[in-house]
Amino acid sequence: MSVLVTGGAGYIGSHTVIQLLENNKNVVIVDNFSNSNPIVLDRVKQITNKDFKFYEIDTTNQDELEIVFKENKIDSVIHFAAYKAVGESVAKPLEYYTNNIVNTLSVLNLMKKYDVKKFVFSSSATVYGDPHTCPITEDFPLSTTNPYGATKLMIEDMLRDIAKADSTFNIAILRYFNPVGAHSSGLIGEDPNDIPNNLMPYVSQVAVGKLKELNVFGNDYNTPDGTGVRDYIHVVDLANGHLKALDKLDTNCGLITYNLGTGNGYSVLDMVNAFSEASKREVAYKIVDRRPGDVAMCYADPTKANKELGWEAKYGIQEMCEDAWRWQSNNPNGYKQVIESL
Ligand code: NAD
Ligand code: WQD
């Protein structure tokens, strides 16, 4: 029996595949490399010394994806494949709705056809919209402010309907907070295509000298130092949450929903300072206007996942920054550099 990992060549997917392989699971990856690089797959093999099956398929194409279900005994699906850039989703809503919704429908329809009953979904803290207070528990009201977030909430709603209609279908909705860091080998990590939108990849590119300075989006929020506060979580901890969720789905639990965060909020300047320390480089920054759509504070109450999954984030911001720096300094141009040197 195999775990199908859609988007398994991506940032969170590749870290999760490593843990699946290390736990002796058979893994089948499907990815179309729309936001990743084939080199990742070699690196995953190098790290684990284990093999897996791979299909280069666009998961919106149900006919092609069916080949994977025909050729393998799929027992569960972890569904990472999606477009994920908030700003881009505002500019290209149709592409986001098509990719994120259609690909999920095609996976779910095939699961129904092939009687696969375990599904783990990558949701996001973005479904809490502008939370009225922090820390955020799973029962907070849900809303979204952009098409990307809307796709996550629509899929969550779909999953709740599916679970209501079929009590044998086991679904884990995992709401990630802010994933950062990299595998400790320094061989895989986050590799944004253009100028990064997210804080930590931007900070690492300033530290390595690729970008001049960080724009800090506002220092007049109602937070301890005025800059935005978030719950940064090490990607390796996040990956581990998926294995714990799969174990839970084995107990025929129906639909479960968990926050995956550390429960700690750090400001932009906390992260800049931690990264400076880890990299021993100065991270130049200047304060600019707030970024439209940003909230002041967003951090999780992870108690439910701690108790029910037996999962807990182990790594703090020091490890997050050290590991991100190892990846960034060993691979200043991400995976592109590897291809150019071949
Ligand atoms: P990523 O872009 O690195 O990985 C997504 C992978 O899916 C990429 O390898 C991409 O090539 C692939 N993909 C996209 N559309 C596809 C399609 N139609 N067919 C086949 N492959 C396709 O992103 P990530 O950071 O690893 O995120 C994984 C999941 O977690 C996404 O669903 C994302 O929305 C969600 N998420 C991410 C964050 C974050 O900040 N990184 C936070 C919350 C939730
Ligand atoms: C973090 C903090 C910024 C960049 C996004 C998505 C969310 C989820 C995770 C997918 C904020 C500040 C940032 C910069 C800055 N993704 N910042 N200068 O916005 O919390 O969450 O990624 O599901 O849905 O919205 O993450 O890393 O962009 O920002 O000052 O150049 O850093 O204002 O306070 P965010 P982020």
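The values are calculated or read from the model by the stated rules, or taken from the named source; none is laboratory data. Only a predicted model underlies this, so the values are computations on that prediction, with no experimental measurement involved. A quick note on method: Cβ atoms are made from the backbone with ideal geometry, for glycine too, and the neighbour counts reach across all protein chains shown. Just the protein is used for accessible areas: all its heavy atoms, side chains included, with ligands, DNA and RNA removed. Shrake-Rupley method; radii C 1.70, N 1.55, O 1.52, S 1.80 Å.
Here residue 121 meets the list (1) aromatic (Phe, Trp, Tyr); (2) out of contact with any strand residue (DSSP E or B) (no Cβ under 6 Å at 6 or more places or on another chain); (3) closer than 30 Å to residue 299 by Cβ almost entirely, failing just condition (2). Scanning the stretch 153-166 for residues that are within 16 Å of ligand 2 (Cβ to nearest atom) and open to solvent by 10 Å² or more (accessible area, probe 1.4 Å) yields 153, 154. The set of residues in the stretch 289-327 that are among the aromatic types (Phe, Trp, Tyr), open to solvent by less than 60 Å² (accessible area, probe 1.4 Å) and either more than 16 Å from ligand 1 (Cβ to nearest atom) or within 30 Å of residue 251 (Cβ to Cβ) (or both) comprises 299, 311, 325.
Residues in the stretch 18-57 that are surrounded by 19 or more Cβ atoms within 10 Å (Cβ to Cβ), among the charged types (D, E, K, R) and either within 9 Å of ligand 1 (Cβ to nearest atom) or not in a loop (DSSP other than H, G, I, E, B) (or both): 31, 43.
Just one of the numbered conditions (1) within 15 Å of ligand 2 (Cβ to nearest atom); (2) open to solvent by 30 Å² or more (accessible area, probe 1.4 Å); (3) within 29 Å of residue 223 (Cβ to Cβ); (4) not in a helix (DSSP H, G or I) is not true of residue 123: (2). Which of the residues belonging to the stretch 261-273 are of a type outside the set (Ser, Thr, Tyr) and buried (at least 21 other Cβ atoms within 10 Å of the Cβ)? Matches in the stretch 261-273: 261, 265, 268, 271, 272.
Residue 306 meets each of the listed conditions (1) over 26 Å from residue 130 (Cβ atoms); (2) polar (S, T, N, Q); (3) not in a loop (DSSP other than H, G, I, E, B) apart from (1). Taken together, 102, 90 contain a single residue that is surrounded by fewer than 19 Cβ atoms within 10 Å (Cβ to Cβ), within 14 Å of ligand 2 (Cβ to nearest atom) and not in a loop (DSSP other than H, G, I, E, B), which is 90.
Those strands (runs of 3 or more DSSP E) of the stretch 167-261 in which 1 or more residues are charged (D, E, K, R) and within 14 Å of ligand 2 (Cβ to nearest atom) occupy 170-176. Can you pull out every residue in the stretch 68-94 that is polar (S, T, N, Q) and away from ligand 1 (no atom under 11 Å from the Cβ)? Within the stretch 68-94, 72, 76 qualify. Residue 116 falls short on exactly one of the conditions (1) in contact (Cβ under 8 Å) with a residue 40 or more places away in the chain; (2) outside any loop (DSSP other than H, G, I, E, B); (3) β-branched (Val, Ile, Thr), and that condition is (2).
Rundown of residues vs (1) under 15 Å from residue 315 (Cβ atoms); (2) open to solvent by 10 Å² or more (accessible area, probe 1.4 Å); (3) touching a His at 6+ places or on another chain (Cβ under 7 Å); (4) within 16 Å of ligand 1 (Cβ to nearest atom), yes/no style:
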{"position": "214", "(1), (2), (3), (4)": "no, no, no, no"}
{"position": "231", "(1), (2), (3), (4)": "yes, no, no, yes"}
{"position": "235", "(1), (2), (3), (4)": "yes, no, yes, yes"}
{"position": "243", "(1), (2), (3), (4)": "no, yes, no, yes"}
{"position": "259", "(1), (2), (3), (4)": "no, no, no, yes"}
{"position": "282", "(1), (2), (3), (4)": "no, yes, no, no"}
{"position": "287", "(1), (2), (3), (4)": "no, yes, no, no"}
